[in-house]
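Remarks on the structure that follows.
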Amino acid sequence: MSLNRTQAFELFTSLLILLIGSCLAYFGYSSWMLAITGAALFVLSISRVLRRSNRRNNTGEAQHAN
Amino acid sequence: MQIDIVVVFFLLGFIATFLKSDIDFPEGLYKGLVLFLLLAIGLKGGAALEQYFSASLIIQVIAVLAFGFILPLIAYPLLRYFGLLDRINAANIAAHYGSVSVATYAVAVAFLESKSIEYEAYFPLFVAILEAPAIAVGILLAKRRKSSVNVKGLLHESLLNQGVLLLFGGVLIGWLAGPQQLASIAPLFKDLFHGALALFLLAMGQIAARQSKHLIEYGTFIATFGILMPLIGGLLGGLLAWSFGLSEGGTLLLTTLGASCSYIAVPAAMSVALPQANQGIAITASLGVTFPFNVLVGIPLYYSLIHKLLFS
């Protein structure tokens, strides 16, 4: 599974937001909503990457079968 | 965590539209509320300007102006390199994120007033100053060749758009009139401010919900950028406020201004200057992602950080 520049940016940024939100929440700041936002972005990004990867694999298999 | 009452109106509008309710918010009332909020904020700032007018304020104004030029220059490479957007659309979105949102500022003011936290009352001047530079930078980024830049049009769109004109006009009127004369119009522009803001946020909630539906169309990059950019802008705004030695409330306001992005003045100006740009992407990012993020997550978070790191 290879990532393009945009997908890498999305995954890295969402993980970073999740990490910052979680760390700040741990130290007592009101940042749990930031952590949730990061988690939601990460789920969105990873699902998009996986969906695209599956589609590519399916196309490859179909071409191979032909 | 207690949510500010005006934010609850935003949630009401957002949820109602999401559930396909038929709240019919008149377009004229929305436009009227924008005018009211711009003037009310400007007048309040103008009345306080005389009290704060000093050499240090002029230095702050210059620094804030420079801040307005820098923000789109940070957003632009992110949009070009990671978002793979073309020059025109990247410049258009960068202009939105370099400018500020009066509504986000008003929510931050309401947040401070609900907690009885003092802030520098001349802040509307900064709001007005921060509206314009990003438009000019955005247009210059989109039209690299100097010959294609219409300087007259550029200045007109940057300095005479509704947001800048009404804010500066309000500040000027407030400054010239002074607190005593302003007392006669205070029942409208001061006492009704929170109620009008609540009504405005109800409409904003509806618009934000409608825009967030377009996120699927434009992809997750816009959502990620719409969350990352306010964090970068907010951090820089907070550092700038800290370097000025502003109060706790003032630091929150400059952080919020750095984190916010325009969706009234800039789209209007950019649609004239860059008609080929897709305004839908910029509006979806600013109204569908960044505005709700700042109102629901950002402002309480920025306050928590500022309060505990700088003022406790």
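The values are calculated or read from the model by the stated rules, or taken from the named source; none is laboratory data. Here the structure is a predicted model, which is why all the values come from computation and not from measurement. Cβ: placed from backbone, ideal geometry, glycine included. Neighbour counts: every protein chain shown.
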(1) part of a helix (DSSP H, G or I); (2) at positive phi all hold for B:Lys152 apart from (2)
For the range A:31-48, how many residues meet the condition of being in a helix (DSSP H, G or I), free of Cβ contacts under 8 Å to residues at least 40 places away in the same chain and either of a type outside the set (A, V, I, L, M) or more than 7 Å from every other protein chain (Cβ to nearest Cβ) (or both)? 12
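With respect to B:Leu155, determine if the residue is among the hydrophobic types (A, V, I, L, M, F, W, C) and surrounded by fewer than 16 Cβ atoms within 10 Å (Cβ to Cβ).
Values: among the hydrophobic types (A, V, I, L, M, F, W, C): yes; surrounded by fewer than 16 Cβ atoms within 10 Å (Cβ to Cβ): yes.
Judged against the criteria, B:Leu155 is a match.
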Return yes or no: is B:Val164 more than 20 Å from B:Tyr97 (Cα to Cα) and modelled with pLDDT under 90? no
Within the range B:46-59, is there a residue that is closer than 30 Å to B:Ile227 by Cβ and either among the charged types (D, E, K, R) or more than 14 Å from chain A (Cβ to nearest Cβ) (or both)? no
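If we keep just the residues of the range B:206-227 that are more than 18 Å from B:Tyr263 (Cβ to Cβ) and in a helix (DSSP H, G or I), which is farthest from the other protein chains (Cβ to nearest Cβ)? Full working, then the answer.
Looking only at the range B:206-227, we keep the residues that are more than 18 Å from B:Tyr263 (Cβ to Cβ), and these are B:216, B:219-221, B:224.
From what is left, the residues that are in a helix (DSSP H, G or I) are B:216, B:220-221, B:224.
Details: B:Ile216: 10, B:Thr220: 5, B:Phe221: 5, B:Thr224: 5 Å.
Result: B:Ile216.
Yes or no: B:Asp24 within 14 Å of chain A (Cβ to nearest Cβ) and out of contact with any Gly (no Cβ under 8 Å at 6 or more places or on another chain)?
Values: within 14 Å of chain A (Cβ to nearest Cβ): no; out of contact with any Gly (no Cβ under 8 Å at 6 or more places or on another chain): yes.
Considered against the rule, which asks whether it is within 14 Å of chain A (Cβ to nearest Cβ) and out of contact with any Gly (no Cβ under 8 Å at 6 or more places or on another chain), B:Asp24 comes out as no.
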Quick one: is B:Gly170 within 14 Å of another protein chain (Cβ to nearest Cβ), in contact with a Gly (Cβ under 9 Å, 6 or more places away or on another chain) and touching a residue at least 12 places away in the same chain (Cβ under 8 Å)? no
Do we have any residue at all in the range B:222-229 that's surrounded by 18 or more Cβ atoms within 10 Å (Cβ to Cβ), touching a Ser or Thr at 6+ places or on another chain (Cβ under 8 Å) and free of Cβ contacts under 8 Å to residues at least 40 places away in the same chain? yes
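Output the number of residues of the range B:18-33 satisfying the condition of being assigned to a helix (DSSP H, G or I) and surrounded by fewer than 20 Cβ atoms within 10 Å (Cβ to Cβ). Show your work before the answer.
Going residue by residue through the range B:18-33, those that are assigned to a helix (DSSP H, G or I) are B:18, B:27-33.
Then drop every residue that is not surrounded by fewer than 20 Cβ atoms within 10 Å (Cβ to Cβ), which leaves B:18, B:27-32.
Residues meeting the conditions: 7.
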What number of residues in the range A:8-43 are surrounded by 18 or more Cβ atoms within 10 Å (Cβ to Cβ) and within 8 Å of the chain's Cα centre (by Cα)? 5
Here are some residues: B:Tyr263, B:Tyr303. Which one is of a type in the set (Phe, Trp, Tyr), within 13 Å of the chain's Cα centre (by Cα) and surrounded by 22 or more Cβ atoms within 10 Å (Cβ to Cβ)? B:Tyr263
Does the range B:61-76 contain any residue that is over 21 Å from the mean Cα position of the chain (by Cα), part of a helix (DSSP H, G or I) and either on the phi < 0 side of the Ramachandran plot or hydrophobic (A, V, I, L, M, F, W, C) (or both)? no
Positions within the range B:72-123 being among the small types (Gly, Ala, Ser), within 14 Å of chain A (Cβ to nearest Cβ) and free of Cβ contacts under 8 Å to residues at least 60 places away in the same chain, in sequence order: B:Ala90
Per the filter on the range B:266-297, residues touching a Ser or Thr at 6+ places or on another chain (Cβ under 8 Å) and outside any helix (DSSP H, G or I) are B:Ala277
Might you check whether a residue that is without any contact (Cβ under 8 Å) to a residue 24 or more places away in the chain, over 22 Å from B:Ala223 (Cβ atoms), at the interface with another protein chain (Cβ under 10 Å from one of its Cβ atoms) and not polar (S, T, N, Q) occurs anywhere in the range A:6-28? yes
Could you list, in sequence order, the residues of the range B:144-161 that are aliphatic (A, V, I, L, M) and at pLDDT 70 or above? B:Val151, B:Leu154, B:Leu155, B:Leu159, B:Leu160
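Out of the residues in the range B:81-139 meeting the condition of being acidic (Asp, Glu) and in a helix (DSSP H, G or I), tell me which one is nearest to B:Tyr303 (Cα to Cα).
Kept after step one, since they are acidic (Asp, Glu), are these residues of the range B:81-139: B:86, B:113, B:118, B:120, B:131.
Pick out the ones that are also in a helix (DSSP H, G or I) and you get B:113, B:131.
Details: B:Glu113: 13, B:Glu131: 23 Å.
Filtering first and then ranking leaves B:Glu113.
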